[in-house]
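The values are calculated or read from the model by the stated rules, or taken from the named source; none is laboratory data. What you see is a predicted model, and the numbers here were worked out from it, not measured in a lab. Every residue, glycine among them, receives a Cβ derived from its backbone with ideal geometry; neighbour counts consider all protein chains shown. Side chains are part of the model used for accessible areas, which takes the heavy atoms of the whole protein and leaves out ligands, DNA and RNA. Shrake-Rupley method; radii C 1.70, N 1.55, O 1.52, S 1.80 Å.
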Amino acid sequence: MKIAVPLVEGRFSAHFGGAETFAFYTVDEASRTVSGRELCPPPEHARGVFPMWLRAQGAGVVLAGGMGPRASGILAQHGIEVVTGIQDEDPDAVVQAYLDGTLVASNEPCLEHGFHDCGHHHG
(Lines give C-alpha, C1' and ligand atoms only; values in the text may rest on other atoms or scores of the structure.)
Protein backbone atom coordinates (compact mmCIF):
# COMPACT_ATOMS: atom_id res chain seq x y z
CA MET A 1 0.00 0.00 0.00
CA LYS A 2 1.05 3.60 -0.56
CA ILE A 3 0.20 6.68 1.48
CA ALA A 4 0.08 10.00 -0.38
CA VAL A 5 1.11 13.16 1.46
CA PRO A 6 0.89 16.67 -0.09
CA LEU A 7 4.03 18.79 0.33
CA VAL A 8 5.03 22.43 -0.04
CA GLU A 9 8.76 23.17 0.18
CA GLY A 10 9.33 19.66 1.51
CA ARG A 11 7.00 20.13 4.47
CA PHE A 12 3.50 18.76 5.04
CA SER A 13 1.07 20.97 3.10
CA ALA A 14 -1.76 22.59 5.03
CA HIS A 15 -4.03 22.17 2.01
CA PHE A 16 -4.24 19.24 -0.38
CA GLY A 17 -4.95 21.40 -3.44
CA GLY A 18 -1.96 23.65 -2.80
CA ALA A 19 0.66 20.89 -2.92
CA GLU A 20 3.67 21.50 -5.15
CA THR A 21 4.66 17.84 -4.87
CA PHE A 22 3.40 14.63 -3.30
CA ALA A 23 5.37 12.12 -1.27
CA PHE A 24 4.25 8.54 -1.80
CA TYR A 25 5.23 6.31 1.09
CA THR A 26 5.32 2.59 0.39
CA VAL A 27 4.33 0.81 3.58
CA ASP A 28 4.39 -2.77 4.76
CA GLU A 29 0.93 -3.19 6.21
CA ALA A 30 1.87 -6.23 8.31
CA SER A 31 4.77 -4.55 10.12
CA ARG A 32 3.30 -1.01 9.83
CA THR A 33 6.63 0.34 8.59
CA VAL A 34 7.74 2.52 5.69
CA SER A 35 9.80 0.69 3.09
CA GLY A 36 10.21 3.53 0.59
CA ARG A 37 9.39 7.13 -0.32
CA GLU A 38 9.03 8.68 -3.76
CA LEU A 39 8.36 12.33 -4.67
CA CYS A 40 6.12 13.15 -7.64
CA PRO A 41 4.81 16.46 -8.99
CA PRO A 42 1.01 16.56 -9.15
CA PRO A 43 -0.88 16.68 -12.44
CA GLU A 44 -2.51 19.86 -13.69
CA HIS A 45 -5.76 20.70 -11.91
CA ALA A 46 -8.71 19.46 -13.91
CA ARG A 47 -11.97 17.80 -12.96
CA GLY A 48 -11.45 14.14 -12.03
CA VAL A 49 -7.69 14.06 -12.65
CA PHE A 50 -6.41 13.76 -9.07
CA PRO A 51 -8.30 10.60 -8.04
CA MET A 52 -7.18 8.72 -11.15
CA TRP A 53 -3.61 9.97 -10.77
CA LEU A 54 -3.45 8.99 -7.09
CA ARG A 55 -4.83 5.51 -7.86
CA ALA A 56 -2.32 5.15 -10.72
CA GLN A 57 0.46 5.91 -8.21
CA GLY A 58 -0.91 3.13 -5.99
CA ALA A 59 -2.22 5.40 -3.22
CA GLY A 60 -4.72 3.81 -0.86
CA VAL A 61 -4.60 6.60 1.73
CA VAL A 62 -4.25 10.40 1.51
CA LEU A 63 -3.17 12.32 4.61
CA ALA A 64 -4.01 16.04 4.37
CA GLY A 65 -4.37 19.17 6.44
CA GLY A 66 -7.38 20.52 4.59
CA MET A 67 -9.49 19.28 1.73
CA GLY A 68 -12.94 20.23 0.54
CA PRO A 69 -15.77 17.76 1.15
CA ARG A 70 -16.35 17.24 -2.57
CA ALA A 71 -12.72 16.29 -3.21
CA SER A 72 -12.72 14.03 -0.17
CA GLY A 73 -15.90 12.32 -1.36
CA ILE A 74 -14.55 11.77 -4.87
CA LEU A 75 -11.34 10.23 -3.51
CA ALA A 76 -13.41 7.95 -1.27
CA GLN A 77 -15.48 6.86 -4.29
CA HIS A 78 -12.19 5.80 -5.92
CA GLY A 79 -11.35 3.63 -2.90
CA ILE A 80 -8.88 6.06 -1.35
CA GLU A 81 -9.09 6.62 2.41
CA VAL A 82 -8.86 10.33 3.27
CA VAL A 83 -7.64 11.63 6.63
CA THR A 84 -7.87 15.42 7.10
CA GLY A 85 -7.38 17.97 9.83
CA ILE A 86 -3.71 17.12 10.40
CA GLN A 87 -1.65 19.93 11.93
CA ASP A 88 1.95 18.66 11.64
CA GLU A 89 4.74 19.89 9.36
CA ASP A 90 6.93 16.77 9.27
CA PRO A 91 5.57 14.39 6.61
CA ASP A 92 7.61 11.43 7.89
CA ALA A 93 6.21 11.92 11.40
CA VAL A 94 2.65 12.20 10.03
CA VAL A 95 2.96 8.91 8.17
CA GLN A 96 4.55 7.12 11.12
CA ALA A 97 1.83 8.41 13.47
CA TYR A 98 -0.81 7.13 11.03
CA LEU A 99 0.87 3.72 10.95
CA ASP A 100 1.20 3.68 14.75
CA GLY A 101 -2.46 4.63 15.22
CA THR A 102 -1.49 7.82 17.09
CA LEU A 103 -2.20 10.42 14.39
CA VAL A 104 -4.20 13.38 15.65
CA ALA A 105 -6.63 14.44 12.92
CA SER A 106 -9.94 16.27 13.21
CA ASN A 107 -11.25 14.88 9.89
CA GLU A 108 -13.08 18.19 9.48
CA PRO A 109 -13.57 19.20 5.84
CA CYS A 110 -12.33 22.53 4.55
CA LEU A 111 -15.53 24.45 3.84
CA GLU A 112 -14.21 27.96 3.20
CA HIS A 113 -11.43 28.57 0.76
CA GLY A 114 -10.09 30.51 -2.15
CA PHE A 115 -9.00 27.25 -3.80
CA HIS A 116 -5.48 26.95 -2.36
CA ASP A 117 -5.69 28.95 0.85
CA CYS A 118 -8.40 28.26 3.37
CA GLY A 119 -7.23 30.97 5.75
CA HIS A 120 -7.67 28.70 8.76
CA HIS A 121 -4.85 26.24 8.25
CA HIS A 122 -1.32 26.81 9.44
CA GLY A 123 1.62 25.61 7.48
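Summarise the long-distance tail of P(r) for the chain by giving the % of C-alpha pairs beyond 23 Å.
Of all Cα-Cα pairs in the chain, 21 percent lie more than 23 Å apart.
If you count the DSSP beta bridges with both ends in the range 1-95, what percent of them are antiparallel, to the nearest 5?
For the range 1-95, the DSSP antiparallel bridge percentage is about 70.
Quickly work out the Q57-to-C40 label distance, labels modelled 7 Å from Cα along the C-beta direction, and quote it in nm with one decimal.
With each label placed 7 Å out from Cα toward Cβ, I get 0.6 nm.
Could you pull out every residue, at least 5 positions away or on a different chain, whose amide H is within less than 5 Å of the one on L103? Hs are placed 1.01 Å off N in the peptide plane, and Pro or chain starts have none.
Y98
Test of understanding: what is the full-extension gain from T33 to A76, defined as 0.36 nm times their sequence separation minus their Cα-Cα distance?
Between T33 and A76, full extension yields 13.1 nm more.
Which residues' amide hydrogens lie under 5 Å from the amide hydrogen of E81, considering only partners 5 or more residues apart or on another chain, with H built in the peptide plane?
Answer set, sorted by chain and number: V61, V62.
Carbon and sulfur: what percent of the range 46-105's accessible surface (1.4 Å probe)?
C and S atoms contribute 52 percent here.
Give me, ordered by chain and number, the residues 5 or more places off G66 or on other chains with an amide H under 5 Å from its own placed amide H.
Those lying under 5 Å, H to H, from G66 are H15, F16, G85.
Please give the net charge around T26, taking every other residue with its beta carbon less than 9 angstrom from that of T26, where Lys and Arg add +1 and Asp and Glu add -1.
Surrounding charge for T26 is 0.
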